[in-house]
1. Under 9 Å by Cβ, and 6 or more places apart or on different chains, what pairs join a residue from the stretch 105-123 that is at positive phi and small (Gly, Ala, Ser) with one that is open to solvent by 60 Å² or more (accessible area, probe 1.4 Å) and part of a strand (DSSP E or B)?
2. Determine which single condition Gln13 fails, assuming it passes every other condition in (1) part of a helix (DSSP H, G or I); (2) more than 20 Å from Gly106 (Cβ to Cβ); (3) at pLDDT 95 or above.
3. Can you tell me which of (1) touching a Phe, Trp or Tyr at 6+ places or on another chain (Cβ under 9 Å); (2) loosely packed, with under 12 Cβ neighbours inside 10 Å is the one Ala54 doesn't meet?
4. Can you pull out the residues in the stretch 1-60 that are of a type in the set (A, V, I, L, M, F, W, C), free of Cβ contacts under 8 Å to residues at least 60 places away in the same chain, out of contact with any strand residue (DSSP E or B) (no Cβ under 7 Å at 6 or more places or on another chain) and closer than 17 Å to Phe121 by Cβ?
5. Of everything in the stretch 100-154 that's of a type in the set (Asp, Glu) and in a helix (DSSP H, G or I), which residue is modelled with the lowest pLDDT?
6. Looking only at the stretch 16-41, how many residues end up being surrounded by fewer than 17 Cβ atoms within 10 Å (Cβ to Cβ) and closer than 18 Å to Glu104 by Cα?
7. Does Ala83 satisfy the condition of being open to solvent by 30 Å² or more (accessible area, probe 1.4 Å), of a type in the set (A, V, I, L, M) and not in a strand (DSSP E or B)?
8. Out of all the residues in the stretch 62-78, is one or more in contact with a helix residue (DSSP H, G or I) (Cβ under 6 Å, 6 or more places away or on another chain) and not in a helix (DSSP H, G or I)?
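The values are calculated or read from the model by the stated rules, or taken from the named source; none is laboratory data. Worth saying up front: this structure is predicted, and the values here are computed from it rather than measured. We place every Cβ from the backbone using ideal geometry, glycine too, and count neighbours over all the protein chains shown. When the accessible area is computed, the model is the full protein with side chains, heavy atoms only, and any ligands, DNA or RNA have been set aside. Shrake-Rupley method; radii C 1.70, N 1.55, O 1.52, S 1.80 Å.
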Amino acid sequence: MAGIALAVAAADQAVKHVMLNWLTEGVPQPVIGDWFRFVLLFNPGAAFSMGGEAFTWLFTTIQLVYIVAVAIAAPRISSRWQAVGLALIAGGALGNFIDRITREPGFWFGHVVDFISVGNFAVFNLADAAITVGVGVFVAALLFDGGRQSNDAA
């Protein structure tokens with residue numbers, strides 16, 4: 001789990017570094033017409049630009065608590081797919097947490113670097129995508145692993 005989480009956070013930070021050096025804030029770079037583009041934004045809110053500046057400290061705190069909770073719970077997680085889902089979420093949380101503690105306007109209140117824009121959806125980053133995929137994997141694992149365990153008990 002730690003390997004997945006660290007790989008996600010490292011990939012997220014590496015791509016953010018590239019985008020910060022390549023893009024100009026607020027200026028879209030079309031990839032597939034106007035439907036898929038890169039646009040650099042600095043987000044004080046939660047994933048997919050939800051929330052706002054007033055809650056930045058709360059999002060930072062929630063990310064840290066989640067990362068620590070997953071690290072503590074990891075040895076007790078027996079389902080491989082539940083572990084993958086939780087690790088993807090933790091990696092995404094860690095990637096955005098790094099932004100929150102290292103970027104302007106300052107420690108614990110930093111803004112997250114977002115750059116992926118699809119259609120009229122919110123602008124997001126790899127960490128947000130990992131969190132979303134991780135939630136899907138975790139929920140699917142709960143549904144399918146739970147059903148298999150129930151059948152095994154019968």
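1. Note: no pairs meet the criteria.
2. The failed condition is (2).
3. Of (1) touching a Phe, Trp or Tyr at 6+ places or on another chain (Cβ under 9 Å); (2) loosely packed, with under 12 Cβ neighbours inside 10 Å, only one is false for Ala54: (1).
4. Residues satisfying the conditions are Ile32, Ala46.
5. We begin by selecting, within the stretch 100-154, every residue of a type in the set (Asp, Glu); these are 104, 114, 128, 145, 152.
In the following step, the residues that additionally are in a helix (DSSP H, G or I) were identified as 128, 145, 152.
Working: Asp128: 95, Asp145: 84, Asp152: 45.
Filtering first and then ranking leaves Asp152.
6. 7
7. Working: open to solvent by 30 Å² or more (accessible area, probe 1.4 Å): no; of a type in the set (A, V, I, L, M): yes; not in a strand (DSSP E or B): yes.
The answer is no for Ala83.
8. Yes, the stretch 62-78 has at least one match.
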